[in-house]
Amino acid sequence: MRYWEIPAASETAVEGRWRPVPGHELFAAIKRALDLDRLPFIAEDLGAVSSEVFALRDAFELPGIKVLQFAFGDDPQADSFKPHNYERLSVVYTGTHDNDTLRGWFRDTGTETSTRTPEQIEKERDFALRYLGTTPGRFVRDAIRAALVSVANFSIFPLQDVLELGSAARMNRPGTLGGNWEWRTRDLPPDRAEWLAELTAIYGRTGGAR
């Protein structure tokens, strides 16, 4: 196991170096210190992850991350992000703080700020609609439904997706300065709250579900 060490005086993370870390010993010490049978952590096992990371995750029964937006394209882990392939010990996100909103992702046109070509966008959008068995107007809601109905122990949605907001409500654009982490909301409209409450109850994700 290793981590990226950055000098305290550095203004960015560019100047650093990889340092080894005793992963198993570290987590075992945390368990002892907290006197817990299972650690309340989520393993961020995205991107270029080594087999040692997966082994450490499984040894401590940490749920891994599934990002629904990554299920429909060419991501190396795309198959594992499709709901029918989830393990129960996992957390499904419709998208993370670094992703566009679901609506923004679906409506992306491949502009200069996009990370996908127009051809990739069209291919992913078509597959997403076919996979979810939905229409453009219901894409966001049915994507959330697919996450809830999956076997993943946890489902997490950015509030922007629950509200079906577009790219203007995006939380963060990696690699850019300014304009990030500024989105705020005051409350959840009653109709959205009722809709989400009904779905979580239907799929057994609340104490009052039947």
Between His97 and Val14, what FRET efficiency comes out of the Förster formula 1/(1 + (r/R0)^6) with R0 = 30 Å and r the beta carbon distance, rounded to 0.05? 0.85
Candidate lysines for bridging to Lys123, where Cα separation is under 24 Å - those fewer than 8 sequence places away on the same chain excluded: Lys66, Lys82
How much mean residue ellipticity at 222 nm does the chain get from its helices, if each DSSP H run of length 4 or more adds -39500 (n - 2.57) and you divide by all residues, to the nearest 500 deg cm²/dmol? -10000 deg cm²/dmol
Length gain on complete extension for the stretch Thr109 to Ile6, per 0.36 nm per residue less the alpha carbon to alpha carbon distance? 33.3 nm
Using r as the Cβ-Cβ distance of Asp187 and Glu44, and R0 as 41 Å, what FRET efficiency do you calculate, to the nearest 0.05? 0.85
What's the exposure ranking of Val53, Val14, Val21, going from fewest to most Cβ atoms within 10 Å? Val14, Val21, Val53
Restricting the count to DSSP beta bridges whose residues both fall in the chain, what percent are antiparallel, rounded to a multiple of 5? 35
Please give the peptides 163-172, 184-193 ranked by average Cβ packing (other Cβ atoms within 10 Å per residue), highest first, as a rough proxy for protection. 163-172, 184-193
Compute the signed sum of charges (Lys and Arg +1, Asp and Glu -1) over the other residues within less than 12 Å, Cβ to Cβ, of Gln77. -2
Tilt, helix 190-202 to longest principal axis of the chain (alpha-carbon atoms), in degrees rounded to tens, equals 70
Can you tell me the 0 to 90 degree angle between the C-alpha axis of helix 139-149 and the longest principal axis of the chain, rounded to 10? 50
Simple spin-label estimate for Glu119 and His24 in nanometres, 7 Å along Cα-Cβ: 4.7
Exposed chymotrypsin sites (Phe, Trp or Tyr not before Pro) absent - longest run of the chain, DSSP non-H/G/I/E/B, at most 14 other C-beta within 10 Å: 42-180
Only one of the values [x] -1.03, -1.09, -1.17; [y] -1.15, -1.25, -1.34; [z] -0.92, -0.99, -1.06 was calculated from this structure for log10 I(q)/I(0) by the Debye sum over Cα atoms at q = 0.15, 0.16, 0.17 Å⁻¹; name its label. [y]
Please turn the phi angles of the stretch 155-169 into ³J(HN,Hα) values with the Karplus equation 6.51 cos²θ - 1.76 cosθ + 1.60 (θ = phi - 60°), one per residue in order, whole Hz, x for glycine and proline. 10, 10, 10, x, 4, 4, 6, 4, 8, 6, 8, x, 4, 4, 9
Based on alpha-carbon centroids, what's the gap between the stretch 131-210 and the stretch 71-99 in Å, whole number please? 15
Loop-only check: which GluC sites (Glu not before Pro) in the stretch 1-66 are DSSP coil with at most 16 other Cβ within 10 angstrom? Glu11, Glu15, Glu44, Glu61
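We did not get these values from a lab; they are worked out from the coordinates using the rules stated. The model shown is predicted, which means the values in this text are computed figures rather than measured ones. Backbone-built Cβ (ideal geometry, glycine too); neighbour counts: all protein chains shown.
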